[in-house]
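I have placed the structure first, in the form of structure tokens, so that the comments after it can refer back to it.
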Amino acid sequence: MILIGKGENKTGIHPKYANRHGFIAGATGTGKTVTLQCLAEGFSSLGVPVFLADVKGDLSGMANAGTDNAVVQKRCAEIGIEGFEFTPFPVEFWDLFGLKGAKIRATLEDMGPLLLSRLFDCNDVQEGLINLAFEYAEENQMPMLDLDDFSTALNYLGDNSKQLGGMYGRISKSSIAAIERRLLGFKRQGGSEFFGEPALDYHDFMKTSEGRGIVNILDASTLIQSPKLYSTFLLWLLSELYENLPEVGDLDKPKFVFFFDEAHLLFDDVPKVFLDEIEQVVRLIRSKGVGIYFITQNPTDIPDSVLGQLGNRIQHALRAYTPKERKAVKVAAESFRDNPNLDVETLLGELGVGEALVSVLGEGGVPSVVEHVTIRPPESQIGPISTEKRTEILNTSQYYQQYKQAVNRESAHEMLNKRMEQQKQAQLQQAEQEKQDRASIRKPRRSQRQTYTESFIKTLLRQLANAIVKALFKRR
């Protein structure tokens, strides 16, 4: 059992049902991050690799052992934890910008036109053009790897819209310009850092060290400032796992666990097509041995179609000051299996830091009745590690070195530029030939008619020749 804490009895997630997903919810400052840390430790101790996004930087402390204090001792005594030991956990740091962890990149081909359209917040016409750019590149065997490839392909379609329109339909230059403006804004936010090679191999997340699962920590302290990129990246990673991992059915424990912090960003203003995809991934990825845990302030941030699939639920305190917030508390209370000994709705507003209402899947996958639980203390350090410690870990990380240097092989950008240069040279040659042809038509031809002077001279010479001939004959 992955120990969460103690209510009437010790409570935790059964490894067999950990791939039935879950959530950690609660207002700011109620202890969600520490609860997440405890779950990540529990999975790692079972040999299950973990991926989590560290929005505030606090979770980096998992690389260090915790320190003893009176609060921890009291909590261990309350819960009845015997042999509690502080210990560090094996971690790998990752960062889309390559500053505080191993660089994460994906190619545009990996991302695909659908997610790219969401990233740029495109309308239907613009999404169609993005699909067209990918289709054209694929048909012409031009790899789409980074944003230069994408921009060049789009502009090539616009510049050759007359020739290509018959094959692909109307190509709107105004829509291309609108996409380019969004692309420029995205680049200014540092988004171009994410696309390119070497692309991330998700298998690198699924490693163990001395029998414990590696805790892969994505530094999202900068990334969270670009919420669209943050949520799109995590959705892409989930999709990669879903599409590529083999079916394994129900295992004794998950192969991999994915924690999605600030989960509301995934669902804010999400089009139905994306919501359908998220719902499908959550529903089916468990058969591939992957568990997903959403972390958010309120479970109502998660659509009902997804929330209904989250079997393991940890609810910290909710604050209710407005009618809307009171309604949200009521909805959250009703989402648990009822416990006749608890007034869940009232308790939700009274929980202290480090306390939660918990319901997990028990034998046969049946949800347990909700319990008021005191969360166990983590074995690793609470709060961030020092810069020196992070640097030490990065310097010994094979992935930090492996993904550090970008590779820029020939792709759509270079191929299309070469094609455009050839077209330009051909046009210049054609123009030069046409110029020569026009010059030759305009060149004045020498007149075949004799001038007056030429005619006079010829006549004079003829008369002179006749006179000489006559004189010769007279002498005979």
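At 1.4 Å probe size, with no ligands or nucleic acids counted, give the accessible surface of His264 in Å², nearest ten.
50 Å²
Give me the accessible area of Leu3, 1.4 Å probe, in Å² rounded to the nearest 10.
40 Å²
Do the sum for the chain: with -39,500 (n - 2.57) for every DSSP H run of n ≥ 4, divided by all residues, what is the mean residue ellipticity at 222 nm, to the nearest 500 deg cm²/dmol?
Working: 17 runs with 214 residues, N = 476.
Value at 222 nm, helices only: -14000 deg cm²/dmol.
Tell me, what ³J(HN,Hα) does each residue in the range 344-360 have, in order and in whole Hz, if you take phi through Karplus 6.51 cos²θ - 1.76 cosθ + 1.60 with θ = phi - 60° and put x for Gly and Pro?
So the Karplus estimates, Gly and Pro as x, are 4, 4, 5, 5, 4, x, 10, 4, x, 4, x, 10, 7, 9, 10, 9, 10 Hz.
With r as the distance between the Cβ atoms of Glu180 and Val369 and R0 = 60 Å, compute the FRET efficiency 1/(1 + (r/R0)^6) and round to 0.05.
So, using R0 = 60 Å, E works out to roughly 0.60.
Share of antiparallel DSSP beta bridges in the chain, in percent to the nearest 5?
Numbers: 18 of 46 bridges.
Counting DSSP beta bridges with both partners in the chain, the antiparallel share is about 40 percent.
By accessible area of protein heavy atoms, probe 1.4 Å, what ranking do Lys255, Lys330 get, highest first?
Most to least solvent-accessible, the answer reads Lys330, Lys255.
Express in Å², to the nearest 10, the accessible area of Ile457 obtained by rolling a 1.4 Å probe over the protein heavy atoms while all chains stay in place.
In the full protein context, Ile457 sits at about 80 Å².
Name the long-range amide H neighbours of Gly12: under 5 Å, sequence gap of 5 or more, or other chain; modelled H, no Pro or chain starts.
Ile4
Hey, with R₀ at 60 Å, roughly what FRET efficiency would Ile441 and Asp250 work out to, going by the Cβ-Cβ distance, to 0.05?
0.10
Report the Rg/Rh value for the range 1-101, based on alpha-carbon coordinates and the Kirkwood definition of Rh.
0.96
How would Thr296, Thr33, Thr391 rank on accessible area, largest to smallest, probe 1.4 Å?
Thr391, Thr33, Thr296
Applying a 10 Å radius around every beta-carbon, put 276-283, 61-68 in order of their mean neighbour count, most first.
The most tightly packed comes first, giving 61-68, 276-283.
Under 12 Å between alpha carbons, and skipping anything fewer than 8 positions from Lys327 in its own chain: which aspartates and glutamates qualify?
Result set, ordered by chain and number: Glu345.
Pairs Lys162/Lys418; Lys100/Lys187; Lys187/Lys404; Lys16/Lys404; Lys56/Lys404: which exceed 28 Å Cα-Cα?
Lys16/Lys404
Taking the 0 to 90 degree range and rounding to the nearest ten, how far is the long axis of helix 70-79 tilted relative to the main principal axis of the chain, both from C-alpha atoms?
Once rounded, one gets 70 degrees.
For the range 13-22, just list the computed ³J(HN,Hα) in residue order, Karplus coefficients 6.51, -1.76 and 1.60, θ = phi - 60°, integers in Hz, with x standing in for Gly and Pro.
8, 6, x, 4, 10, 5, 7, 8, 6, x
May I ask you to give the solvent-accessible area per residue for the chain, in square angstrom, as obtained with a 1.4 angstrom probe?
51 Å²
For the chain, which whole percent of the accessible surface, found with a 1.4 angstrom probe, sits on carbon and sulfur atoms?
Summing carbon and sulfur atoms, their accessible area is 49 percent of the total for the chain.
Kindly rank 90-98, 409-417, 392-400 from highest to lowest mean number of other beta carbons found within 10 Å of each residue.
90-98, 409-417, 392-400
Restricting things to alpha carbons, tell me how big the chain is in terms of Rg and Dmax, in Å.
Cα only, the chain: 36.6, 161 Å (Rg, Dmax).
The values are calculated or read from the model by the stated rules, or taken from the named source; none is laboratory data. Being a predicted model, the structure only gives us computed values, none of them experimental. Note: ideal-geometry Cβ built from the backbone for every residue, glycine included; neighbour counts use all protein chains shown. Remember, those area values only see protein heavy atoms, side chains included, never the ligands or the DNA or RNA. Shrake-Rupley method; radii C 1.70, N 1.55, O 1.52, S 1.80 Å.
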